[in-house]
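What follows is a set of notes on a single structure, which appears directly below.
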Amino acid sequence: AQSVAQPEDQVNVAEGNPLTVKCTYSVSGNPYLFWYVQYPNRGLQFLLKYITGDNLVKGSYGFEAEFNKSQTSFHLKKPSALVSDSALYFCAVRDGVSSASKIIFGSGTRLSIRP
Amino acid sequence: DTAVSQTPKYLVTQMGNDKSIKCEQNLGHDTMYWYKQDSKKFLKIMFSYNNKELIINETVPNRFSPKSPDKAHLNLHINSLELGDSAVYFCASSQLDYGYTFGSGTRLTVV
């Protein structure tokens, strides 16, 4: 069975500084990896995904993530943080592409950007 | 135009009552899901349907019964509500691009 780990409950960064939110995964086959963001009292919004191809994936709002197969990681990054980036971020992995597959979410990392 | 819409947005009810949450998607996706987000923000899949057929049932109490009248709708009915059912319930849909589109959630409070 697949699993996702987000080792940090909270990440605090000053505005303008680079940010990294960590994620590691475990799957038996090819990983299909995702990042979602949740703002207060809102649903989850898709940020980016890795299916195949280039290890550096670019997504919404200036975010990017790097797929590292040897380290089984998919860390989320942004070169310059904004206060508006403050939210709850979920890493996720899908265990296949059939209709019976499902996305498993990590426990979430709360990102706080201070002005 | 909302892609995945859930109603109601908020639901406050007493223990023992029966309630339903409705979900509709206008994306033409074949697969729909229900997820539960607990007070610690942990997201856990409950059910998935593909073209009206139940595909995933993740050890959910049988007080929870999903119903999919067509592939654009997936409703969740909950019988004999308990305090522990209080959570935010998210509906989602997906197609072959592998990711999900989520609804805005239904916050259920059982008192």
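Here, each number is a calculation from the coordinates, and none is a lab measurement. Bear in mind that the values here come from a model prediction, so they are computed numbers and not experimental data. As a convention, Cβ positions derive from the backbone with ideal geometry for all residues, glycine included, and neighbour counts pool all protein chains shown.
Spelling out what I want: for every residue of segment A:28-43, take phi, set θ = phi - 60°, compute 6.51 cos²θ - 1.76 cosθ + 1.60 (Karplus), and round to whole Hz; glycine and proline get x.
7, x, 5, x, 10, 10, 9, 10, 10, 10, 10, 8, x, 6, 10, x
Write out the trypsin sites (Lys or Arg not before Pro) in segment B:16-46 meeting two conditions: DSSP loop, and at most 16 other Cβ atoms within 10 Å of their Cβ.
Details: sites: B:LYS19, B:LYS22, B:LYS36, B:LYS40, B:LYS41, B:LYS44; in loops: B:LYS40, B:LYS41.
Passing sites in segment B:16-46 are B:LYS40, B:LYS41.
Provide A:THR109, B:THR109 in ascending order of the number of other Cβ atoms located within 10 Å of each residue's Cβ, fewest first.
Lowest to highest Cβ neighbour count: B:THR109, A:THR109.
Across peptide A:38-51, how many C-beta atoms of other chains are within 10 Å of each residue C-beta, on average? Don't skip to the end; give the middle numbers.
Numbers: counts 7, 0, 0, 5, 3, 13, 11, 2, 5, 1, 1, 3, 1, 3.
Neighbouring Cβ atoms belonging to other protein chains average 4 per residue here.
Between beta-carbons, use under 12 Å as the cut-off and find the net charge around A:TYR50, counting Lys and Arg +1, Asp and Glu -1.
Taking every other residue near A:TYR50 into account, the sum is +1.
Can you give the alpha-carbon Rg of chain B over 2.2 N^0.38 Å, where N counts its residues?
Numbers: Rg = 13.1 Å, N = 111, 2.2 N^0.38 = 13.2 Å.
The value comes to 1.00.
Do any GluC sites (Glu not before Pro) in segment B:49-111 lie in a DSSP loop with no more than 13 other beta carbon atoms within 10 Å, and if so, which?
Sites meeting the loop and neighbour criteria: B:GLU58, B:GLU82.
Quick one: which of A:LYS102/B:LYS19; B:LYS22/B:LYS67; A:LYS77/B:LYS40; A:LYS22/B:LYS41 span more than 21 angstrom between C-alpha atoms?
The answer is A:LYS102/B:LYS19; A:LYS77/B:LYS40.
Using the crude model of +1 on Lys and Arg Cβ and -1 on Asp and Glu Cβ, and no other charge, please compute the dipole size for chain B relative to its Cα centre, in debye to 20.
300 debye
Counting other Cβ atoms within 10 Å, keep those with at most 16, restrict to DSSP loop, and tell me which chymotrypsin sites (Phe, Trp or Tyr not before Pro) in segment B:1-108 are left.
B:PHE42
Sketch the reach of a paramagnetic label on A:SER98 as a point 7 Å from Cα along Cα-to-Cβ, and name the residues of segment A:21-41 whose backbone nitrogen lies under 17 Å away.
A:28-32
For chain A, take N as its residue count and report Rg(C-alpha) divided by 2.2 N^0.38 Å.
Taking N as the residue count of chain A, the ratio is 1.02.
Quick one: check the C-alpha center-to-center distance for segment B:1-77 versus segment A:1-73, whole angstrom.
25 Å
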